[in-house]
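Reading through the structure tokens given below for one structure.
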Amino acid sequence: MQIEVKARTFFEVRMGGKRERELFRTRRIISINNIGFPAEPPPFSETFLTAENLLVLYFDDVDEGPNAMTPAQARAIADFACSGDPRPIIVHCSAGISRSGAVGEVLNWYFNRYLEDNQGDYQRFQIMHRDLVPNAHVRRLLLTEFQHDHEKLKAMMQKIRLRREGPKSGNTSLQGEKR
């Protein structure tokens, strides 16, 4: 599964245009925004703020305190990522390094190494995101969530794999029946 980490500006320059529409058509997006100073609204046009392929979260780049990521937010990310939608995922935060870096790193490891051995997508993420400095608190919460659901997720990945492959030629509805 392709996972990308981007800075907030990646979306800000696309807001309101054809490129924003294309992103929402072809990708799932996890938007991590600041609660504290400076508070940030999501960097998307009004049209897309309620899109089913957008998860908007608010937490700061801290390890503890009232503005830190919560277990409920980690659960929301796991549920969103494991929805069965085969589109690639883009994760963003302000700088695209720490919070989104932790989310991207965990998703990349989980989908491309743990659930299936997808060396291409795994290596692509590693090469494209060498400068990440993942937030340890975010990483820890997400890994805990994924440990809870690994069997459910293996089944979901099998469904995605089958959808990508499509029907095999020679497949008939009589397969498995005596002729």
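The values are calculated or read from the model by the stated rules, or taken from the named source; none is laboratory data. In this text the structure is predicted, and so the values were computed from the model without any measurement. A quick note on method: Cβ atoms are made from the backbone with ideal geometry, for glycine too, and the neighbour counts reach across all protein chains shown.
Structural remarks
- Residues in the range 19-47 that are hydrophobic (A, V, I, L, M, F, W, C) and not in a loop (DSSP other than H, G, I, E, B): Leu23, Phe24, Ile29, Ile30, Ile32.
- Of all the criteria given as (1) out of contact with any strand residue (DSSP E or B) (no Cβ under 6 Å at 6 or more places or on another chain); (2) closer than 24 Å to Ile160 by Cα, the one not satisfied by Ser98 is (2).
- From the options Gly16, Gly96, residue that is surrounded by fewer than 19 Cβ atoms within 10 Å (Cβ to Cβ) and not in a strand (DSSP E or B): Gly16
- Subset of the range 69-86 that is in a loop (DSSP other than H, G, I, E, B) and in contact with a helix residue (DSSP H, G or I) (Cβ under 6 Å, 6 or more places away or on another chain) - its residue that is surrounded by the fewest Cβ atoms within 10 Å (Cβ to Cβ): Gly84
- His137 falls short on exactly one of the conditions (1) modelled with pLDDT under 95; (2) over 18 Å from Gln2 (Cα atoms), and that condition is (1).
- For Thr47, the criteria (1) more than 22 Å from Arg161 (Cα to Cα); (2) among the β-branched types (Val, Ile, Thr); (3) crowded, with 16+ Cβ neighbours inside 10 Å hold in every case but one, which is (3).
- Qualifying residue in the range 107-125 (condition: within 20 Å of Arg8 (Cα to Cα) and either surrounded by fewer than 20 Cβ atoms within 10 Å (Cβ to Cβ) or free of Cβ contacts under 8 Å to residues at least 60 places away in the same chain (or both)): no
- Inspection of the range 52-65 finds a residue satisfying the criterion of being in contact with a strand residue (DSSP E or B) (Cβ under 7 Å, 6 or more places away or on another chain), farther than 19 Å from Thr9 by Cα and assigned to a loop (DSSP other than H, G, I, E, B).
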